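Below: the structure, in structure tokens.
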Amino acid sequence: MALIKRILVTGGAGFLGSHLCERLVGEGHDVLCLDNFFTSQKSNVTHLLAKPNFELIRHDVTVPINLEVDEIYNLACPAAPGHYQYNPIKTMKTSVIGSINMLGMAKRCRAKILQASTSEVYGDPEIHPQVESYRGSVNPIGPRACYDEGKRAAETLFVDYHRMNKVNVRIVRIFNTYGPRMHPYDGRVVSNFIRQALAGEDITIFGDGEQTRSFCYRDDLIEGFIRMMAAPDDFIGPVNIGNPGEFTIRELAELVIELTGAKSKLVQRPLPADDPTRRRPDITLAKAKLKWEPKVPLREGLAETIKWFKSINIADYRAPTP
Ligand code: NAD
Ligand code: UDP
């Protein structure tokens, strides 16, 4: 029988966190879900509350907490530009102080700890596709810096705790991930386009729509998390986890219109400052070390996501800024 572990998921009530909790609960582990509900709803995890191996803790990672755990997935951090720019100082504190608190817990408990890092550490990249050895091009004083630099500092902390204190760490650089339970008002491109299409509103393309992103379906991403946590201890990453299929934002809009059958028009809006021009993961390392690669094509994942958006009452979700 597989070993049952006590696993902490910070940010566990969020989009990715709630799916991760579901998967770990399903595998029989004792799951502690810690969240301050800054960008999420309790409804993401209410279906888990009746399970004997699931616990929900309302807590902010910037405040120390003592728990006894075997593994930690550190996901707590607002992820959408509109969310992380709402209170940029708090965003930086969440990444930096939150990581220090969780790394301290991992050190005390001798727990393994995985950091949900991001493709944003590459900033507006000068090389394409992005490999893990690329050091990035981030504007340290721009509107995205609180998130990008916070996540970069968190990576530094993870590696230093590993080097100095032998903490068993893992770093995953996540590229744009979408799927059911993403916040309908998070302002991200997939949620905006689907929400706008279903409401018959204009679809807002920022800039000329020729900028690209690579979209990974949430199930593929969660599988990548699990494999990275289970990887041999000498592989700490960072490792890119994302779908190398690259689409312009205009192509994404056209696909959403096709799949929803919407009559929406495409309208242009100004491009936000420091918006990366191109983004696509090189996943050679994940393939070699984790035997991981994404399975769900964009068309299929979007269809699932649209189905979910149709099934919810969007009015139950809070407005764009939390
Ligand atoms: P999300 O906003 O749905 O989830 C983040 C969760 O963290 C929320 O439940 C939020 O309430 C919680 N949180 C925020 N600040 C907190 C704090 N101080 N203390 C406790 N909880 C706090 O976003 P997501 O898309 O599920 O992202 C999860 C993680 O993955 C984040 O760390 C994010 O940076 C990373 N990531 C996500 C993507 C993506 O495309 N979804 C891409 C790159 C990285
Ligand atoms: N975007 C857009 N219309 C929207 C929301 C976003 O054209 O309504 C663009 C945005 O400018 C960016 C891309 O879509 O170029 C992805 O934006 P998102 O906020 O989803 O993620 P990130 O920029 O962090 O990758």
key: Residues within the range 268-304 that are out of contact with any strand residue (DSSP E or B) (no Cβ under 6 Å at 6 or more places or on another chain) and β-branched (Val, Ile, Thr), tallied   = 2
remark   = All conditions in (1) of a type in the set (Val, Ile, Thr); (2) more than 15 Å from ligand 1 (Cβ to nearest atom); (3) within 25 Å of Tyr84 (Cα to Cα) are true of Thr284 except (3)
key: Positions within the range 83-100 being crowded, with 21+ Cβ neighbours inside 10 Å and either part of a loop (DSSP other than H, G, I, E, B) or more than 17 Å from the chain's Cα centre (by Cα) (or both), in sequence order   = none
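Would you mind finding the one in Thr156, Thr177 that is more than 26 Å from Pro297 (Cβ to Cβ) and either away from ligand 1 (no atom under 14 Å from the Cβ) or surrounded by 21 or more Cβ atoms within 10 Å (Cβ to Cβ) (or both)? Reasoning before the result, please.
On the way: Thr177 fails: more than 26 Å from Pro297 (Cβ to Cβ).
The conditions single out Thr156.
Can you find a residue that is closer than 21 Å to Ile236 by Cα, within 15 Å of ligand 1 (Cβ to nearest atom) and outside any loop (DSSP other than H, G, I, E, B) anywhere in the range 181-202? Please lay out each step first, then the result.
Initially, the range 181-202 is screened for residues closer than 21 Å to Ile236 by Cα, giving none.
Taking every residue of the range 181-202 in turn, none turns out to be closer than 21 Å to Ile236 by Cα, within 15 Å of ligand 1 (Cβ to nearest atom) and outside any loop (DSSP other than H, G, I, E, B).
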remark   = Filter the range 216-272 for residues that are away from ligand 1 (no atom under 14 Å from the Cβ) and β-branched (Val, Ile, Thr); the one that is farthest from Gly26 (Cα to Cα) is Val267
query = Ser133 is checked against (1) in a helix (DSSP H, G or I); (2) more than 20 Å from the chain's Cα centre (by Cα); (3) of a type outside the set (Val, Ile, Thr) and fails just one. What number does that condition carry?
reply = (1)
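Would you confirm, using the coordinates I've provided, whether Gly150 is modelled with pLDDT of 95 or more and either crowded, with 22+ Cβ neighbours inside 10 Å or in the same structural domain as Ala111 (by the TED database) (or both)?
Details: modelled with pLDDT of 95 or more: yes; either crowded, with 22+ Cβ neighbours inside 10 Å or in the same structural domain as Ala111 (by the TED database) (or both): yes.
Yes.
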query = Which one of the conditions (1) within 13 Å of ligand 1 (Cβ to nearest atom); (2) of a type in the set (Val, Ile, Thr); (3) touching a Phe, Trp or Tyr at 6+ places or on another chain (Cβ under 6 Å) does Val167 fail to meet, given that it meets all the rest?
reply = (1)
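Among what's in the range 66-82 and is within 10 Å of ligand 1 (Cβ to nearest atom) and in a loop (DSSP other than H, G, I, E, B), pick the residue that is farthest from Glu27 (Cα to Cα). If you could, list the steps in order and put the result at the bottom.
We begin by selecting, within the range 66-82, every residue within 10 Å of ligand 1 (Cβ to nearest atom); these are 73-80.
Going one step further and asking which of them are in a loop (DSSP other than H, G, I, E, B), we end up with 75-80.
Numbers: Leu75: 19, Ala76: 22, Cys77: 25, Pro78: 27, Ala79: 27, Ala80: 29 Å.
Only one residue fits best here, namely Ala80.
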query = Filtering the range 204-246 down to residues that are surrounded by 23 or more Cβ atoms within 10 Å (Cβ to Cβ) and not in a strand (DSSP E or B), which residue is nearest to ligand 2 (Cβ to nearest atom)?
reply = Phe215
ask   = Among the residues of the range 47-56, is there at least one that is buried (at least 21 other Cβ atoms within 10 Å of the Cβ), away from ligand 2 (no atom under 16 Å from the Cβ) and either without any contact (Cβ under 8 Å) to a residue 24 or more places away in the chain or within 19 Å of the chain's Cα centre (by Cα) (or both)?
value = no
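Among what's in the range 39-55 and is in a helix (DSSP H, G or I) and more than 16 Å from Met182 (Cβ to Cβ), pick the residue that is modelled with the lowest pLDDT.
Once the filter is applied, the top-ranked residue is Lys42.
The values are calculated or read from the model by the stated rules, or taken from the named source; none is laboratory data. Every value quoted in this text rests on a predicted model; they were computed, and no experiment measured them. No Cβ is skipped: glycine too gets one built from the backbone with ideal geometry, and neighbour counts run over all protein chains shown.
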